[in-house]
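Working notes for the structure below.
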Amino acid sequence: MSYEQKLMQMKKLLKKTTSKVVAEDVPEVVKPVAKVPVYEQQWLDAGLTKAVNKHGIVYKRIVEYDTDHQHGNIILSGLKSTIDKWKKSGEVHPLSPDFSKPLVFFDTETTGLKGAGTLIFLMGFIEQTASSFKMTQYVLPGPDHEAAFLYATGLWEKPSTLVTYNGKSFDIPMVETRWTMNRKELPPLLKHTQIDLLHGSRRIWKGEMATFRLPAIEEEQLGFFRQGDIPGHMAPIIYQDAVKNGRAELLMKVLVHNEWDILSLVALYIRSTDLLLKSDVRESAVTHTNIGKWFGDLKSHDRSKQIFESVIAEYGINHPATHFHFGFILKKEQAYEDAVSSFKIAATGLTGRERIIALEELAKLYEHKLKELNKALDSTKEAIKLLKADSYLAERFRARSRNDFLKREIRITRKLFPRQAHEATKNG
C-alpha cells in the first residue's frame, strides 16, 4: 500500500470528538527563533492553539475532564482515594507516589523507536486539579522548533512524579536524549520520580495475560475498547504528512490516540492500587499470589503474609503456588512445622523448578530445624529422581541442583549411619 493510500485509509477513521477543548489565553508574544510554519493556519483551524516562547513556536491542545469522567470501567475521581490509600498504607512500593511532588501522567509519540534522528513530536500530560483533570498536549511544528517544544513542557521547572507505561525504558530516555541535543539552549532537565505501570502490570498479572501491550490491558483490565483509533505505527507517517503538507485532520486523530493512552494510565493506576492495597477486591488466586510475592520481594512481609493467608482461606490447597511462597514467610518466622505443611502442598501440586525448590526447602527444614533425618533423606531422593526425569528443566539448573542434592544425600546418610561412614572411611 502506497503512502498516499495509507493516508486516505486513515481519513476514513475520522470521527467527531466529544472532548471539551479549552481555549487558553494568548501568552505574551516573544520573537520566535525559527520561522512561522506555512501550514500554521491549517493547524489552528483543526483545533490546535499556538504558544510562543523565547525558543520558538509550539502548538498545543488542552482538554478538561470532569472528575466523574469514566474511562472504561474506571471513574477518574478514584484517583484522589488512590493517593489517600498510599498515604495511609505507609508502604514503600514502586507504585507509591512521592507525596511532595505533583502526580502527572505522561506519554509521548515519536517519529521512530531509536536513533539520533528520532524526534518526539507529541508530549501529553494529565494532572488532577482542584475540580477537574487537565490534559495538555504539545505538538512539535518541526525540527527548528524542538527547543521551544521541549521548553514548553515545563519539565525543567519543577520536579514531578511521572506516571508512564514503559516510560523508564523508552519515553524518559527519549526525553533525556532530545534534551541533551538541545542542551545549549535549554535549562537543565530536572530529575523526576518515575512510576512505570508496564512493570507493575507484569508483576500483577504475570501468568494471566498473553501480552502486556497497553490496548490488551485496556480491554482485559479496564474495560476500555478503542473505537476508530489509528494504528500506532501510522502516527509518525501522519505527523510527517501534517508537517509536509499542512493536513491536520489525521494529526488530530494522533492526538486522540495519545489522549486515550494517558487516560488509560490514570485508570490503570487506580485499578492497580485497588488490587495492591484493598483487601476486599476479588481477583484470581494467580493475581493475588503475584501481588503477595511482590510485597514479599520488597520485604513487606506483613502485607505479603496477609495476602497469602486470604488466598489460602478461599482456595485451600487448590492453588499450591500460594503455599510455595507462603512457606518462605513461615520459615522466616520460624514456624517450621507450618512451613513444612506449605512446602509439602507445593511439592505435590507444582511442577518444574518450583517443585524442586519446594523439595529442597523440605530437606533443609527436616535436616536442620526439625531433626527428622529420614524425612530429609526422602525429600532429597525424590528431588534427585525428578531432576533426572523432568526434561523440561533448564540444564544449568538441573546440573547445579543435582550436585547440591547429591552432597546433601551423602551428608544426611553419614548422620543417619555414622558407624557405616566411619568404617567406609577406615577401609578406604
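Summary of values
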{"item": "Answer from LYS375, LYS407, LYS388 - the residue that is at pLDDT below 95 and more than 20 Å from ALA321 (Cβ to Cβ)", "result": "LYS388"}
{"item": "Residue match in the stretch 323-344 (condition: surrounded by 22 or more Cβ atoms within 10 Å (Cβ to Cβ), among the β-branched types (Val, Ile, Thr) and under 19 Å from PHE295 (Cβ atoms))", "result": "no"}
{"item": "So PHE308, is it over 15 Å from GLY200 (Cβ atoms) and among the hydrophobic types (A, V, I, L, M, F, W, C)", "result": "yes"}
{"item": "Leading residue by the ranking (nearest to ALA147 (Cα to Cα)) among those in the stretch 84-118 that are crowded, with 18+ Cβ neighbours inside 10 Å and among the aliphatic types (A, V, I, L, M)", "result": "VAL104"}
{"item": "Filter result (free of Cβ contacts under 8 Å to residues at least 24 places away in the same chain and assigned to a helix (DSSP H, G or I)) within the stretch 223-260", "result": "HIS233, LYS244"}
{"item": "Filter pass, TRP156 being over 19 Å from LEU265 (Cα atoms), surrounded by fewer than 22 Cβ atoms within 10 Å (Cβ to Cβ) and at pLDDT 95 or above", "result": "yes"}
{"item": "All positions within the stretch 246-273 that are modelled with pLDDT under 95 and either of a type in the set (Asp, Glu) or at negative phi (or both)", "result": "ARG247, ALA248, GLU249, LEU250"}
{"item": "Long-range neighbours under 7 Å by Cβ, at least six apart or interchain, first residue under 16 Å from ILE270 (Cβ atoms) within the stretch 209-222, second of a type in the set (Gly, Ala, Ser) and crowded, with 19+ Cβ neighbours inside 10 Å", "result": "LEU214/SER264; ILE217/SER201; GLU218/SER264; LEU222/SER264; LEU222/ALA267"}
{"item": "Breaking point among (1) under 18 Å from ALA147 (Cα atoms); (2) under 13 Å from the mean Cα position of the chain (by Cα), for THR211", "result": "(1)"}
{"item": "Out of SER264, SER279, sole residue that is touching a His at 6+ places or on another chain (Cβ under 9 Å) and among the hydroxyl-bearing types (Ser, Thr, Tyr)", "result": "SER264"}
{"item": "Residue ID - surrounded by the fewest Cβ atoms within 10 Å (Cβ to Cβ), chosen from residues in the stretch 253-297 that are aromatic (Phe, Trp, Tyr) and under 14 Å from the mean Cα position of the chain (by Cα)", "result": "TRP294"}
{"item": "Members of the stretch 204-219 that are surrounded by 15 or more Cβ atoms within 10 Å (Cβ to Cβ) and hydrophobic (A, V, I, L, M, F, W, C)", "result": "ILE204, TRP205, MET209, PHE212, LEU214, ILE217"}
{"item": "Residue match in the stretch 271-281 (condition: without any contact (Cβ under 8 Å) to a residue 40 or more places away in the chain, under 24 Å from LEU222 (Cβ atoms) and in a helix (DSSP H, G or I))", "result": "no"}
{"item": "Any hit, the stretch 45-53, residues being surrounded by fewer than 13 Cβ atoms within 10 Å (Cβ to Cβ) and not acidic (Asp, Glu)", "result": "no"}
{"item": "Scope the stretch 327-346; condition aromatic (Phe, Trp, Tyr) and over 14 Å from SER304 (Cβ atoms); matching residues", "result": "TYR336, PHE343"}
{"item": "Residue list for the stretch 171-191, restricted to those being within 30 Å of MET209 (Cα to Cα), surrounded by 15 or more Cβ atoms within 10 Å (Cβ to Cβ) and without any contact (Cβ under 8 Å) to a residue 60 or more places away in the chain", "result": "ILE172"}
{"item": "Complete set of residues in the stretch 388-403 that are free of Cβ contacts under 8 Å to residues at least 40 places away in the same chain and crowded, with 16+ Cβ neighbours inside 10 Å", "result": "ARG398, ARG402"}
{"item": "3 or more residues in contact with a strand residue (DSSP E or B) (Cβ under 7 Å, 6 or more places away or on another chain): qualifying helices (runs of 4 or more DSSP H) within the stretch 148-222", "result": "172-181"}
{"item": "Check on ARG402, part of a helix (DSSP H, G or I), within 19 Å of LEU365 (Cα to Cα), under 37 Å from the mean Cα position of the chain (by Cα) and modelled with pLDDT of 95 or more", "result": "yes"}
{"item": "Helices (runs of 4 or more DSSP H) contained in the stretch 293-387 and holding at least 2 residues without any contact (Cβ under 8 Å) to a residue 40 or more places away in the chain and touching a His at 6+ places or on another chain (Cβ under 8 Å)", "result": "301-315, 320-332, 336-349"}
{"item": "Which numbered condition LEU140 fails, given (1) within 21 Å of LEU250 (Cβ to Cβ); (2) surrounded by fewer than 18 Cβ atoms within 10 Å (Cβ to Cβ)", "result": "(2)"}
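The values are calculated or read from the model by the stated rules, or taken from the named source; none is laboratory data. It should be emphasised that the depicted structure is a prediction, and the values quoted were computed from it without experimental measurement. As a convention, Cβ positions derive from the backbone with ideal geometry for all residues, glycine included, and neighbour counts pool all protein chains shown.
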